[in-house]
Amino acid sequence: MISVEQNQFHLSNNDISYIFHVMPNGQLGHLYYGKGLKSGRDYSHFQTYSNVAPNTTHPYEARPDFSLETVKQEFPSYGKGDFRESSVLIENEAGEIRSDFNYESHIVVNGKPSLEGLPASYTQEEDAETLIVTLKEPSGLKLELLYTIFTNLPVITRSCLVKNEGGERVTIQRLMSLNLDLPDSDYDMLHLTGAWARERHVTEKSLSEGIQRISSLRGASSHQHNPFMALKRFDATEHNGEVLGMHFVYSGNFVAQAEVDHYSTTRVSMGIHPTRFSWSLQPGDGFQSPEAVLTFSSHGLNGLSQSVHQWTHRHMIPERFRTAERPVLINNWEATYFDFDEKKLDDFATKAKDLGVELFVLDDGWFGKRDDDTTSLGDWFVDQRKLPNGIGQLAANIKSKGLQFGLWFEPEMISPVSDLIKTHPDWVVGMNNRHQTLGRNQKVLDFSNSDVVDYLYERMSSIIEETRLDYIKWDMNRNITEPFSINLSNQGEFYHRYMLGVYQLYDRLTKAYPHVLFESCAGGGGRFDLGMMYYAPQAWTSDDTDAVERLKIQYGTSIAYPLSTIGSHVSAVPNHQTKRESPLSLRGDVAYFGTFGYELDPSSLTDEEKEEIKQQIHRYKQIEPLIRKGTFTRLISPFDQDETAWMLFDQEEGRGVVGWYKPIYSPNPKNNQVLKLKGLDRSVDYEVNGKQFGGDELMSNGLPLGVEFNGANHSTSERGGDNQSKIWFISEVDRGGVCDD
Ligand code: GLA
C-alpha cells in the first residue's frame, strides 16, 4: 500500500515500510526502511537536522541547521554540499553540474510499468503498486523515480528515468538506480565473489568508514563480483535477525557500494558503473536506468533468500517457465569437446535416451569449421564436414528418439578466422586499425550496432526453425576490451548500448519463440544475474562440475537466486576441472538441487553406473517440482564446517527433500549425529525414507544421520569414509505421500 500525506510517502505491506518525504529545500529526504511501521503517522522526525558542525555547508542562509551533508536523502546530487558519492551527475554544455532536483508531483498506479529496452520485474495489477515521483531541475531536466512495492513480499524495486525537457544538450555522467541512506553503519556486508570455476563464494566483512565496493568493468556482471549484496545486522544469523538485500537487474558494468561517513551513517548505492559511462541527452531525449531490487528480512539471511527466490520465480523469470517442467538434459561438451560427427551424436543420444534423459544439447563445434576454439564464431551455418545431412536432419533424428533438442550459441562473439570477419570487419568492438586484444582466441561483436543484432536474429531464428529447437545455451566466453564502436559519436555510451543490444536480441528471440528454454552462460557463471533471468530462466552456474566444489558454488548462489535458475549437472570422473574422483552418488546428490542434467559420455558407463543414473533421473523427477515450487532452506554451510546440508519443502503439498554431504571424513566424530530440519509443522508426523518422525522431533532433536565409523565401531557403524552424502524424501504421513529412498 502507498500512502501520501503531508509531503510524506509511505510504502508498506505486512512486512516492510519504506518512508521518505520532501525536505525544506524541495529535495527528497529518506526517513526509514525496515520492518513495517503503522501508516497514517508522521515520521518526519526521523530526519536528522541540527547535527551541523561549524564548517558544514548549508544551502540556505535562513536555516543554518539544514545541511545536505547530514540529511538522509533519496536521490542525492553532487555539488551542493553533500560530499558523499551522489546518485546523479549531469553536466550541461558549459560543464556546469545540474543538481537541484526538486519535488514536482507524484502519481500512484496499480501494478508496475515496464522499462523500455531493459529487463525488469513484472506483475499482475493486484500484485504491486507503483509510486512515480517527478523531480524537476530548473534547467528543464525531469527525473521520474519509480518505486514499486509488492503486495505479499518484502520487496521494493526502484529505477529512474531522466528526461531532457530543457533547451540544450546535457551529459549524464553518473546515474544510480538505488540510493539508500541508513542512519548507522552497524552492519556486516555480505557479497558473492569468485573467479572462473569458483563462482559466488560467500564473503563477509563489517562496514567501516570509507567506501566498501563491489563492481565490474568487464562489460559483463562477472565471475568476480555478483551484482548482489546484503547488509546484515551484527546479531543477524542464517535464520534470525535483520538483513537488507540489494540486487541489480543488469548484466553489464555495475557498482554496488556502502559508503560510511564521518557521522557513521551509511549510503548504499547501486547502478551502472560510472567509469567509461556518459550518455548524451539531446532536448526531448530520455534515459532509463536499470532496476534495483531492495529486500528485507527479519528472519536472517535464509529468510531473505526465501523471499528473493519467490519473488524471482513470480516476477522475474519468463512466466511460462514458472510452471513448465524443466527437462533432464545431457550436454556433449565434456564428453566429446569439438570431436564429433553425426554417427557419434546419434549413438550418444540413443544411449542417453535409454538412461531416461529428456533433452539432448549439442554444445560448441557444430557450425563453421570449428575444430578447436580458434575459428568460426559468427559463422552460424552448420559444419557439413561433421554433419553432412544438415542440422535440421540431426535434430529430426534426435527428436524421433523422443528427445528434445538444444543447441549452443555464442552470439556475441566473432573469431578472427571466420567468414563473418571478412565480410564485416567493422562489426568488431574496437578500432579497426588498432590492436584488438583476444580472449579465448576471439573478439567481441559490436552489439551496439543494430545491424549486428539483426544478423544474429536472422541466423538464430533460421536455425531455431530448421531444427524446431527446444533449448538454447547462450554463452559469452570473454570480457570486453578496447570498448569502442565505429558508429557512436559518444563512446561513453558504448558499454550500455552493447547491453541494450544483447537484451534486444534476447527479447526478439524469446517473444518469437516463447517455447524455447534459454540457459544463459558466460564461461560458466560469469553473467549470473537477474537481467539474464528475465529472458533465460536457467543459468549455467559454473564450468566447475566437481561435486565438492559445487557445494560451495551452489550454496553461495542460493543466497541470491532460486534453485530453478541454478544449472547443475553430473559429470565424469576424474573431474575435468579438479581431477577429483567423487562417487556417482555424491555427484548426483549435489546436482539434484538445481536444474539437473549430465555432462558425460553415456558410452563410457558401466552397466552398474547406467542403473544408478536411471535411478537418479527417476529420483530427480520427484524433486523437480520442488525446485520450482518448494521453499529452500540452508541448514549447514560448507563455508563454516566440513559438512553441508540443505532442504526443499513444499508446504502446500506437504513434501520435500533433504540433502546432506560430508566429503572429507575425520575420525572419532562428534557424538550428536543428527541434522536439525526447519520449516516443518511441529504438530504433524512425517515419513522420512520409510520411517516416521514427528515434525517437532525433526526440528528440535534432529533427523538421525546414522552411526558414523569412529575408528573402532566396525560392527555398529552405518557410514564413514570420504564422500558421504545422503538424500531423504520427506512427506506428511496423513497425506500418504510417497517416499523414495
Ligand atoms: C564455455 C561454457 C562451457 C562450454 C564451452 C564451449 O566454457 O561455459 O560449458 O559450452 O564454453 O566452448
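The values are calculated or read from the model by the stated rules, or taken from the named source; none is laboratory data. As the structure is a prediction and not an experimental result, all values here were calculated from the model. As a convention, Cβ positions derive from the backbone with ideal geometry for all residues, glycine included, and neighbour counts pool all protein chains shown. Ligands, DNA and RNA are excluded from the accessible area calculation, which covers all protein heavy atoms including side chains. Shrake-Rupley method; radii C 1.70, N 1.55, O 1.52, S 1.80 Å.
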* If you count, for each residue, the other Cβ atoms within 10 Å and average over each peptide, how do 353-362, 249-258 line up from highest to lowest? -> 249-258, 353-362
* To do: Highest first, please rank the peptides 537-549, 617-629, 267-279 by the mean number of other Cβ atoms sitting within 10 Å of their residues.
  => 537-549, 267-279, 617-629
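Assuming 0.36 nm per residue, please report the length gained on full extension of the stretch Met1 to Asp640 beyond their Cα-Cα distance.
On the way: separation 639, 0.36 × 639 = 230.04 nm, distance 3.99 nm.
Here the answer is 226.0 nm.
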* Once the Cβ-Cβ distance between Ser461 and Glu652 is put in as r, and R0 is 51 Å, what FRET efficiency do you end up with, to the nearest 0.05? -> 0.85
* Structure fact -> Between the modelled labels at Glu91 and Lys579 (7 Å from Cα along Cα→Cβ) the distance in nm is 5.3 nm
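For the chain, which semi-axes, largest first and in whole Å, follow from the square roots of 5 times the eigenvalues of its Cα gyration tensor?
On the way: eigenvalues 389, 250, 88 Å².
Largest first, the chain gives 44, 35, 21 Å.
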* Structure fact -> Env charge @ Val452, Cβ radius under 12 Å, K,R +1 / D,E -1, value -4
* Asked: How many nm is it between the label spots at Lys614 and Arg440, if each spot is 7 Å from the Cα in line with the beta carbon?
  -> 3.6 nm
* Asked: How much length is gained on full extension from Asp354 to Gln393, taking 0.36 nm per residue of separation minus their Cα-Cα distance?
  -> 11.9 nm
* Hey, which lysines would be in cross-link range of Lys353, C-alpha to C-alpha under 21 Å, not counting anything within fewer than 8 residues on its own chain? -> Lys343, Lys344, Lys399, Lys401, Lys473, Lys610, Lys614, Lys621
* Given H placed on each backbone N at 1.01 Å, which residues far from Lys112 in sequence or on other chains put an amide H within less than 5 Å of it? -> Thr123
* Structure fact -> Note: Asp371 to Arg682 extended length (0.36 nm per residue) minus current alpha-carbon separation gives 106.1 nm
* Neighbour net charge for Ser177 - beta-carbon separation under 12 angstrom, K R +1, D E -1 -> +1
* **Average accessible area per residue (Å²) across the chain - probe 1.4 Å, nucleic acids and ligands excluded** => 36 Å²
* Asked: How big is the shadow of the Cα convex hull of segment 248-289, averaged over all directions, in nm²?
  -> 4.4 nm²
* Asked: For Gly111, what is the net charge nearby, where nearby means another residue's Cβ is under 10 Å from its Cβ and Lys, Arg count +1, Asp, Glu -1?
  -> -3
* Kirkwood-type radius of segment 412-486, with distances r between different C-alpha atoms, in Å -> 13.4 Å
* All lysines inside 27 Å of Lys112 as judged from Cα atoms, apart from same-chain residues fewer than 8 positions distant -> Lys35, Lys38, Lys72, Lys136, Lys142, Lys163, Lys511, Lys629
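Please say if segment 556-703 is rounded, prolate or oblate, where rounded means a/c under 1.5 for a ≥ b ≥ c the square roots of the C-alpha gyration tensor eigenvalues, and otherwise the choice is prolate for a/b larger than b/c and oblate otherwise?
Prolate, because a/c is 1.5 or more and a/b exceeds b/c.
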* Sticking with the crude label model, points 7 Å out along Cα→Cβ, report the distance from Ala712 to Thr56 in nm, one decimal please. => 6.9 nm
* **Pairwise centroid distance, computed over Cα atoms, of segment 319-364 with segment 387-401, Å** => 13 Å
* To do: Report, to the nearest whole %, how much of the accessible area of the chain belongs to carbon and sulfur atoms, 1.4 Å probe, protein only.
  => 46 percent
* **Distance between segment 615-671 and segment 675-741 - C-alpha centres, whole angstrom** => 11 Å
